[in-house]
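Data first, discussion second: the structure below is written as structure tokens.
The values are calculated or read from the model by the stated rules, or taken from the named source; none is laboratory data. Owing to the predicted nature of the structure, the values given are computational and were not obtained by experimental measurement. Note: ideal-geometry Cβ built from the backbone for every residue, glycine included; neighbour counts use all protein chains shown. Quick note on the areas: whole protein, heavy atoms, side chains included, nothing else; ligands and nucleic acids left out. Shrake-Rupley method; radii C 1.70, N 1.55, O 1.52, S 1.80 Å.
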Amino acid sequence: MLNIVLFGPPGAGKGTQSEKLIDRYKLVHLSTGDILRAEVASQTALGVEAKKLMDQGLLVPDSVVISMIEKKVDANVAGNGFIFDGFPRTAAQAEALDKMLDSKGTGINMMLSLEVDNEELIKRLLNRGKDSGRPDDQNEEVIRKRITEYNSKTAPLKEYYTSQNKYCGIPGIGSIDEIFLKLCTKIDS
Ligand code: ADP
């Protein structure tokens, strides 16, 4: 299996690049943000609780996202592999993911990290908010909160994957195709 963690702050381009990568490498895309938004749209009990946090730019509890991911991994374990997008976002999530994959005889091959500076992120997200309909993209304060959450809880995962020799940083500035090419070069090498 080829299992990739696509990493980077909100607005780094993970969703865009995931779509291209799943097409090229025939992987299953697991985005916790997408799964959570689907729960919110269907107004499940989980969705109603998650929305309160998401609208403030805060993370939802680890236990919630871990069990969501576990279900999806179980359902697709016979495939070519996964792109994890927006997960793991905390050390507890990264440890749970390693355990989960290990129990299925597989593991993470690499973390590909899209590196983009804060001002560019805020610009991109506010722009996306104009037509995405995502409430969390429409308010600069919420966007800044998401970036703060990222820097305090998620960015430390760089060390986690570096210590396993799996971290690859990629500049996330340039055209979509240029960035895609850089990602593919890393995966193929
Ligand atoms: P972005 O990367 O643009 O911030 P996502 O679509 O990945 O957006 O996530 C949107 C929101 O969903 C996050 O701000 C957070 O509230 C919640 N969320 C998504 N994934 C996770 C996760 N792995 N752990 C905790 N909360 C999450």
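Where helices (runs of 4 or more DSSP H) fall entirely within the stretch 112-184, those with at least 3 residues that are farther than 20 Å from Thr16 by Cα, at pLDDT 95 or above and not charged (D, E, K, R) are at 157-162.
Okay, residues lined up against (1) more than 15 Å from the chain's Cα centre (by Cα); (2) closer than 29 Å to Arg24 by Cβ; (3) more than 9 Å from the ligand (Cβ to nearest atom):
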site: Asp85; (1), (2), (3): no, yes, no
site: Asp98; (1), (2), (3): yes, yes, yes
site: Thr106; (1), (2), (3): yes, yes, yes
site: Arg128; (1), (2), (3): yes, yes, no
site: Glu141; (1), (2), (3): yes, no, yes
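Every condition in (1) within 12 Å of the ligand (Cβ to nearest atom); (2) of a type outside the set (Val, Ile, Thr); (3) in contact (Cβ under 8 Å) with a residue 24 or more places away in the chain; (4) open to solvent by less than 20 Å² (accessible area, probe 1.4 Å) is met by Lys153 except one, and the failing one is (4). Considering each residue of the stretch 52-74 in turn, at least one proves to be more than 9 Å from the ligand (Cβ to nearest atom) and under 23 Å from Arg144 (Cα atoms).
Out of curiosity, is Arg89 in contact with a Cys (Cβ under 9 Å, 6 or more places away or on another chain) and not aliphatic (A, V, I, L, M)? So Arg89 fails the test.
Can we say Lys14 is within 24 Å of Lys182 (Cβ to Cβ), within 11 Å of the ligand (Cβ to nearest atom) and of a type in the set (Lys, Arg)? Yes: the conditions hold for Lys14.
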